[in-house]
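Only one structure is covered here, and it is reproduced in the block below.
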Amino acid sequence: MLALVGRRLLTVIPSGLIVTALLFFSVNGLIGSPAELMLGTDATLEAIAELNRQHGFDRPLITQYLEWMGKALTGDFGRSFTTHQTVAEAILPRLPVTLEIGIAAIVLATFAATTFSSVTSARVVVRPMATGLAIVGITLPNFIIGIGLIYLFSVELGWLPSIGWAPWRTGIINHLQHVLLPILTLSAYFYGVFTLVYQAEYDAVRRRLFVRVAKAKGLSERQVSFRHVLPNSILPVITYVGLSLGQLMGGAVVTESLFSIPGIGGLLVDSIVARDYPVMMAIGMIVVITVVVMNTAADIVYTIVNPQIRLD
Amino acid sequence: MRGVGKSWRRGPLGSPRFLVGLGMIGAVCLLSALADSLARFDPTRSGVFPLSPPDATHWLGTDELGRDIVSRVLYGGRPSLLIGIGAAALSTLIGVPIGLVAGYVGGRLDRLTMQLVNLLISVPGLILALIITAMIGPSLTNLVLVLGFVTWPRVARLVRGQALAIRETVFVEAARAAGGGAAWIVRMHILPNTLAIIATQFSLTVAYSIFTSASLSFLGVGIPPPTPDWGGMVRSGLNYLALNPTMALAPSVAVAITVLGFFFLGSTRK
């Protein structure tokens, strides 16, 4: 068991090296050099060469990659080209914002997907609704769902503010009013995926013997569904939470831009538009590393909870 | 495994989901193809009445530069469809051979390929596409290249799984016993039996690519203006949601119908 977990943990290192190298080398290969990216093609060759020399971008890529990784491990991601603050300073205050809406969206999606698909009363109506909503959530891009919600709740009904951000210190109610639509927007896709995954497992579990026993004991349909089937069907959803992190970051980028939320996703778009190489690279690297780590974590959790797949 | 391809040909026409998808895609393709004769205004020429609400002349009103929204939505379908179908074609061209070889050859080559493929799948496609597109500059060709590059691993994984299953069947064993070479068996037996999966995945890749390219445009790294493009239209319409909501809502509905249509086509199971 421990050995297995250890072996899985070790795979993080090669995987992490491969994805970070892939990102680093492909971006650097595509842009020519960071100085060229920032100064534009109109800049003189001397100016580009000078800036590259200042920042050490004229050395071999492999040296730059190793140095980048080495410094990143100590928390040093360099300085932003545009604001000149350190990248860590730019990222850190924005991290809680993205974490808050990300975690809230995942929790909401998990809760809604499992509850909505377990309801036993008026099942003929509720089930197709849950599935239909899931398909909408999976297929529609985030920004379209967001715009639909803004139009409905802010423009037409006037219940909620449309875009913008209010930190906690401006009042809890005010804060919640501002995060509600972004969280709903971000959770739509995950609600969809979780629902489809959950329904498949739920339907399979329902046919198992212990469910029939529970019914024979005289439990009501609702009790059987929520107390016996639900806990036994939720595992694939939990695994999916770990696997959806990449999608979550993609969704956060769009959602934060749409609602003008000061999070990591919005910062990534800003840095790309401003051609701010250090910030862009740092966020890209953080995202791919987090995804690799979370995928491995999901793998390990799954192995621990489900002994059947401990074979290899 | 016999007849997998056949049942796919017979099967989906009986499925309402497939037919609905077919109808949606048919309508979108037709409207985009006939945009020249259907659009009553030049989609890029500014008019004198900006942000006018829907009326008899401009059925969905005009945008902030007075351009007719109906005409822009009609023309906006072209880049979306081209990018979606182009990216899916590229994705199939890369993914299918890799999947077939990995699945049929198996062993160490398969393990290595699949580890790389799984790794690539775990990297968020939108973020990768966002960074690369911003670097190489948004154009129709670049978007096709980027999205094809982002989507091929899923195709490879699916095809590989199917190839692996078919490799173990009796008719493949018989073909091998009859002296068939690897390349011949893959072409004559494995590939035909993966066509159904390739076709459905093609449709899903189109949906994903349109989804992603619309998101890129929305973020401001899509096809540059003034070319009408759905994601870009939503982006500029967002500022005028209270004044003229159709500016953002009409292209949103267009994206929704197109993506949903391709999703329906691709997710129909026998």
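The values are calculated or read from the model by the stated rules, or taken from the named source; none is laboratory data. Worth saying up front: this structure is predicted, and the values here are computed from it rather than measured. Positions of Cβ are backbone-derived with ideal geometry, glycine not excepted, and every protein chain shown enters the neighbour counts. Accessible surface areas use protein heavy atoms only, side chains included; no ligands, DNA or RNA. Shrake-Rupley method; radii C 1.70, N 1.55, O 1.52, S 1.80 Å.
Structure above, values below:
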quantity: Members of segment B:129-154 that become less accessible by 20 Å² or more once partner protein chains are added (1.4 angstrom probe, chain alone as reference); calculated: B:Leu130, B:Ile131, B:Ile132, B:Ala134, B:Met135, B:Ile136
quantity: For the protein assembly as shown: Kirkwood Rh in Å [reciprocal of mean 1/r, alpha carbons]; calculated: 25.9 Å
quantity: Alpha-carbon Rg/Rh ratio, for segment B:111-160, with Rh computed the Kirkwood way; calculated: 1.04
quantity: Kirkwood hydrodynamic radius (C-alpha pairs) into Stokes-Einstein, segment A:2-88, 37 °C and 0.692 mPa s, D in µm²/s; calculated: 220 µm²/s
quantity: Helix runs (DSSP H) in chain B reaching 18 Å along axis by Cα, Kyte-Doolittle at least 1.6; calculated: B:16-33, B:246-267
quantity: Cα Rg over Rh - segment A:60-141, Kirkwood; calculated: 1.30
quantity: Cα coordinate range in chain B, projected on the principal axes (Å, largest first); calculated: 76, 43, 26
quantity: Cα point-scatterer Debye curve for segment B:125-254, base-10 log of I(q)/I(0) at q = 0.11 Å⁻¹; calculated: -0.56
quantity: Cβ-derived FRET efficiency at R0 30 Å, A:Gln54 paired with A:Val12, nearest 0.05; calculated: 0.30
quantity: Residue with peak Gaussian network fluctuation, chain B [Cα springs, cutoff 10 Å], from B:Pro97, B:Pro228, B:Pro124; calculated: B:Pro124
quantity: Whole-number Å³ per residue for the convex hull built on Cα positions in segment A:71-218; calculated: 210 Å³
quantity: Label-point separation in nm, B:Phe49 to A:His175, each point 7 Å along Cα→Cβ; calculated: 4.8 nm
quantity: Mean Cβ neighbour count within 10 Å, used as a protection proxy, ranking B:16-24, B:83-91 highest first; calculated: B:83-91, B:16-24
quantity: Per residue, in Å², the accessible surface of segment A:95-262 once ligands and nucleic acids are set aside, probe 1.4 Å; calculated: 45 Å²
quantity: Estimated 222 nm signal from helices in the protein assembly as shown, with DSSP H stretches of n ≥ 4 weighted -39500 (n - 2.57), rounded to 500; calculated: -23500 deg cm²/dmol
quantity: Whole-Å semi-axes of chain A's equivalent ellipsoid (Cα gyration tensor); calculated: 43, 27, 15
quantity: 15 Å beta-carbon shell around B:Ala214, net charge (K/R +1, D/E -1); calculated: +2
